[in-house]
Amino acid sequence: MDCGRDAPAITYEQAGALTCQIARGLQTLGLAPGFHGAVLSGNAGAAFVALLGVLRAGGGWLPVNARNSVETNVEFLQDMDCDVLFYQARYADQVAEIRGQVPRIRHYIALEEADGPDLSVPGLILGQSPEMYAAPLQPEGLAMIMGTGGTTGRSKGVMLSHRNLTATMANHMSAMSITDRMTVLAAAPITHTAGLVSLPFMARGGRVVLMDGIDPQNLLKVMEQERVNMLFLPPTVIYTLLAQPNVRDFDFSALRYLMYGAAPMSPDKLAEAIGVFGPVMLQIYGQAEVPGAISVLRVEDHFVDGQVAPRQRLLSAGRRFPFTRVAIMDEDGNLLTQPGAVGEIVAQGDIATAGYYKNAEATAEAQRHGWHCTGDVGYFDEQGYLFIVDRKKDMIVTGGFNVFSSEVEAAVMAHPAVKDCAVIGVPDDKWGEAVKAVIELRPGQSVEPQVLIQFVKARLGSVKAPKDVEIVAQLPRSTVGKVLKKEVRKKYWHAQERMVS
């Protein structure tokens, strides 16, 4: 169903018939299996059905976030060889710009009835049989090309097969008890993790509620009114919900799983979330190349002897998913098996991508020694819990010491006045790089920078404590809620020849 609009609910019987009609309609347009199709839309039932129609027709889905800039979407559609673009009428202006810059797109199809020259979905399916239809598919066939997000440059296209998506669903199902009576809320864009984690609920015949845009008060109301059992949110959105003065006034008794991921979550905020939402927090760790399924911190892992787990456990990314092989690798390709040994986190198995679309160089860089190399640095403890120390590129070298920004961020976030933060290294004549914290405060809160510095110093010592703290109204974020550290860094590194000292 669609939430907050007049669109009627869509049953599985209706969705099945519509996707078969869309697939047949695409076939009549001359789109043979192997074509690439995108849907430019907010979260909407019609958009979900259209993308499923692309898959049923044997196409590869290109997840395009309508909140991205036109330039970003043009680059992605062009680089990924888009053949057909479905779109919501409200994005007609963006489509007009895309039309002039991506000549490969042969067909533009409006999700609703359209007055212009473009075909619409009602026109596409007119006269098409609703009987079961599916193009022949192979497990290794392309299901989707997911963008890496472009947080470090032009987005790369991660090729995901039907086998990859099946393994992702199997992993997610292993972490949750899903029934056909459950309701999943997709509040974050379905082009990203919120869409992927909805698939197991659809496979079980559960109810999917779609929200287009995240307004914190509206989200809290929908969670209560729709008796939501599961939803995925990035930590930044959870922080925003926790900062709502009336968050404890809502009824979350139906909630079974509040899945979080895509960025580290402060253990202090995590403990607070458990106090507000209940024993429902579930963390997944992954990336586009190993979609949302490297490791999982299950609901029960957040507790020890009936109490909220110690801070160190809450810092963990959990244990390996059952259908993913995960290891720690050194710079020479050796696997490190000793608990506590720090190296790059690597993964392999049915879950891992075959590579990047038309980018052999990036594929070779990421796939070494038979493993997909994540670019994340971490270690396993004696109990098999995985700890992510940092992104390789986010490590700060200050005065000859390695400082992991994620550790400093966790310490800063422990302060009750802090809503979110980004810790970076900035050029410094004395230290090479100095640790700097850029802070976003909770509404109505204030704190002196020096107080925060001393707060962190008491926890981590002087080497890791920020040399400077800057308070900003809002940190720059991507359309899926990730803090854009490259944007934070620009202000301090714009005159430097390189971004690493």
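The values are calculated or read from the model by the stated rules, or taken from the named source; none is laboratory data. Because the structure is a prediction, the values reported are computed rather than measured. As a convention, Cβ positions derive from the backbone with ideal geometry for all residues, glycine included, and neighbour counts pool all protein chains shown.
If you scan region 412-438, which residues turn out to be surrounded by fewer than 24 Cβ atoms within 10 Å (Cβ to Cβ) and closer than 14 Å to Gln454 by Cβ?
Selection gives Ala414, His415, Ala417.
Any residue that is part of a loop (DSSP other than H, G, I, E, B) and under 29 Å from the mean Cα position of the chain (by Cα) - is there at least one of those in region 115-133?
no
For Leu219, indicate whether it is surrounded by 17 or more Cβ atoms within 10 Å (Cβ to Cβ), within 15 Å of the chain's Cα centre (by Cα) and at pLDDT 95 or above.
So Leu219 fails the test.
If we scan region 99-114, do we find a residue that is β-branched (Val, Ile, Thr), over 23 Å from Pro8 (Cα atoms) and in contact with an Asp or Glu (Cβ under 7 Å, 6 or more places away or on another chain)?
yes
Looking at region 401-410, which of the residues that are more than 19 Å from Pro234 (Cα to Cα) and in contact (Cβ under 8 Å) with a residue 24 or more places away in the chain is surrounded by the fewest Cβ atoms within 10 Å (Cβ to Cβ)?
Phe401
Somewhere in region 454-466, is a residue surrounded by fewer than 18 Cβ atoms within 10 Å (Cβ to Cβ) and under 24 Å from the mean Cα position of the chain (by Cα)?
No, the conditions are met nowhere in region 454-466.
Can you name the number of the only condition in (1) within 21 Å of the chain's Cα centre (by Cα); (2) at pLDDT 90 or above that Tyr385 fails?
Among (1) within 21 Å of the chain's Cα centre (by Cα); (2) at pLDDT 90 or above, Tyr385 violates only (1).
Give the residues of region 225-236 that are in contact (Cβ under 8 Å) with a residue 12 or more places away in the chain and more than 25 Å from Pro267 (Cα to Cα), sorted by residue number.
Passing the criteria: Glu226, Arg227.
Only residues that are closer than 18 Å to Thr183 by Cβ and among the polar types (S, T, N, Q): list them for region 216-257, please.
Correct list: Asn218, Gln225, Asn229, Ser253.
Pairs only if they're at least six apart or on different chains, beta carbon under 9 angstrom, first in region 97-110 and surrounded by fewer than 18 Cβ atoms within 10 Å (Cβ to Cβ), second hydroxyl-bearing (Ser, Thr, Tyr) and modelled with pLDDT of 95 or more; list them, first residue then second.
Close Cβ pairs (under 9 Å, with a partner that is hydroxyl-bearing (Ser, Thr, Tyr) and modelled with pLDDT of 95 or more) amount to Arg99/Tyr108.
Confirm whether Gly149 is at pLDDT below 95, assigned to a loop (DSSP other than H, G, I, E, B) and either outside the structural domain of Trp61 (by TED's automatic domain parsing) or crowded, with 20+ Cβ neighbours inside 10 Å (or both).
When the stated conditions are applied, Gly149 passes them.
Among the residues of region 463-484, is any free of Cβ contacts under 8 Å to residues at least 24 places away in the same chain and over 17 Å from Thr240 (Cα atoms)?
no
Scanning region 297-312 for residues that are assigned to a strand (DSSP E or B) and hydrophobic (A, V, I, L, M, F, W, C), which turns out farthest from Met265 (Cα to Cα)?
Val304
Return the residues of region 342-393 that are buried (at least 21 other Cβ atoms within 10 Å of the Cβ) and either in the same structural domain as Leu297 (by TED's automatic domain parsing) or β-branched (Val, Ile, Thr) (or both); say none if nothing qualifies.
Ile345, Val346, Ile351, Thr353, Thr374, Val377, listed by residue number.
Determine which single condition Ala254 fails, assuming it passes every other condition in (1) modelled with pLDDT of 95 or more; (2) of a type in the set (Gly, Ala, Ser); (3) farther than 19 Å from Val184 by Cβ.
So the condition that Ala254 fails would be (3).
So, in region 224-237, of the ones that are touching a helix residue (DSSP H, G or I) at 6+ places or on another chain (Cβ under 9 Å) and either at pLDDT 95 or above or not in a helix (DSSP H, G or I) (or both), which residue ends up farthest from Gly42 (Cα to Cα)?
Only one residue fits best here, namely Asn229.
Yes/no per residue for (1) free of Cβ contacts under 8 Å to residues at least 60 places away in the same chain; (2) under 30 Å from Met159 (Cβ atoms); (3) not aliphatic (A, V, I, L, M):
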{"position": "Glu361", "(1), (2), (3)": "yes, yes, yes"}
{"position": "Asp381", "(1), (2), (3)": "no, no, yes"}
{"position": "Phe387", "(1), (2), (3)": "no, yes, yes"}
{"position": "Lys392", "(1), (2), (3)": "yes, yes, yes"}
{"position": "Met413", "(1), (2), (3)": "no, no, no"}
{"position": "Lys430", "(1), (2), (3)": "yes, no, yes"}
{"position": "Glu433", "(1), (2), (3)": "no, no, yes"}
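Can you tell me which residue in region 262-287 is surrounded by the most Cβ atoms within 10 Å (Cβ to Cβ), limited to those that are in a loop (DSSP other than H, G, I, E, B) and at pLDDT 90 or above?
Top of the filtered list is Val280.
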